[in-house]
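Below is one structure, written out as structure tokens; comments come after it.
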Amino acid sequence: MFGECHAHLFMDGINYRQAVNDHKNGVNVARVREHLEDYRACGITYIRDGGDHFGVSLRARELAGEYGITYRTPVFAIHRAGHYGGIVGKGARTLQEVKSLVQEVRRERGDFVKIMVSGIMEYSGFGVLSEETLEREWISEMIHIAHEEGFAVMAHANGADAVLAAVEAGADSIEHGNYIDRECMSAMKENGCVWVPTIVTTRNLIGCGRYDDKVLAQIYDMECENLANAWAMGVPLALGSDAGAYMVPHGKGVVREYETFREVLPKVSLCKLDAWLQAGEEKIRRVFAQER
């Protein structure tokens, strides 16, 4: 089985508030072990976490070896204060504070840096994001600071402007990447930036009753079309499910993501698809695990 290239072990895929309560007074080790066992049961031996501000991913990394899992974490994600990202990390008001947070990642022995450069999808309507993307200068400087400190950069980005700015600034992977266009895909291919689309986060919501299924279907169709185009253009791809997000269970989330890739690309031979995804994952394993 492939690895899980985008997970949040501090969340449980069911109830965010309960997940926070589980860890807010100290890491709930029993819960961490439960999720690691979910991955082992699915034959998953690699996890790249997206960070949290409770220390959960750090504790998970300490325990993962007992489950035969290689675990990588940025410790926490870095966002611009006043913008989306507090759910998984720490905010910076200035670029100097960004640098200080990157240095904190180093002190905590983080494996890479994760930055947040856009909002998230709002399922109230097609094309709606929770906020405007950051300015290009901020995106570029955040990535530059991380690279100068020797870290690879995982970039949470939605919307064509955010994705293109992050890729052109040298982001090593793009997470989610909803509402992108062919220019973004061309840039990812040219720069060797791995795209982790996490399509299952939308797919698993269809029929749950929380959102309008017509809107969800429209968004999901767009995601599938973008995946098919990315494949045709030769964009580096890797599997990640955003496990821990609502209705995306640990372990089974990335299994479902793989099934989705196969359904979206039915004419692609299984051997060819697996080889391409393995190449993307191997690059992530290599780039996001540099010795510090």
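Checking (1) 22.1; (2) 18.7; (3) 19.7 against Kirkwood radius over Cα pairs in Å calculated from these atoms, the matching label is (2).
Once the chain from residue 262 to residue 135 is taken as fully extended at 0.36 nm per residue, the excess over their C-alpha distance is 42.1 nm. Highest mean packing comes first when the peptides 115-125, 63-73 are listed by Cβ atoms within 10 Å, giving 115-125, 63-73. For the chain, averaging the sequence separation of C-alpha pairs within contact (under 8 Å, six or more residues apart) and dividing by the residue count gives a relative contact order of 20 percent. Among complete DSSP H helices in the chain, those whose alpha-carbon atoms stretch at least 24 Å along the helix's long axis and whose mean Kyte-Doolittle hydropathy reaches -0.5 are 213-233, 270-287. A Förster distance of 30 Å, applied to the separation of the beta-carbon atoms of residue 189 and residue 126, puts the FRET efficiency at 0.70. Projected label points at residue 96 and residue 246, each 7 Å from Cα along the beta carbon direction, are separated by 4.0 nanometres. Here the simple spin-label model places points 7 Å from the Cα toward Cβ, and for residue 66 and residue 148 these points are separated by 4.1 nm. Extension gain for residue 103 to residue 33 (0.36 nm times residue separation, less C-alpha to C-alpha distance): 22.3 nm. Scoring 2-14, 99-111 by mean Cβ neighbours within 10 Å over their residues and listing the highest first yields 2-14, 99-111. Adding -39500 (n - 2.57) for every DSSP H run of four residues or longer, then dividing by how many residues the chain holds, sets the calculated 222 nm ellipticity at -14000 deg cm²/dmol.
Each of residue 270 and residue 20 was given a label point 7 Å from its Cα along the Cα-to-Cβ line. The distance between the two points is 4.3 nm. Sorting the segments 214-222, 153-161 by their residues' average number of neighbouring beta-carbon atoms within 10 angstrom, most packed first, yields 153-161, 214-222.
No lab work stands behind these numbers, since they all come straight from the coordinates. Since the model is a prediction, treat every value here as computed from it, not as a measurement. Every residue, glycine as well, gets a Cβ built from its backbone with ideal geometry; the counts of neighbours run over all protein chains shown.
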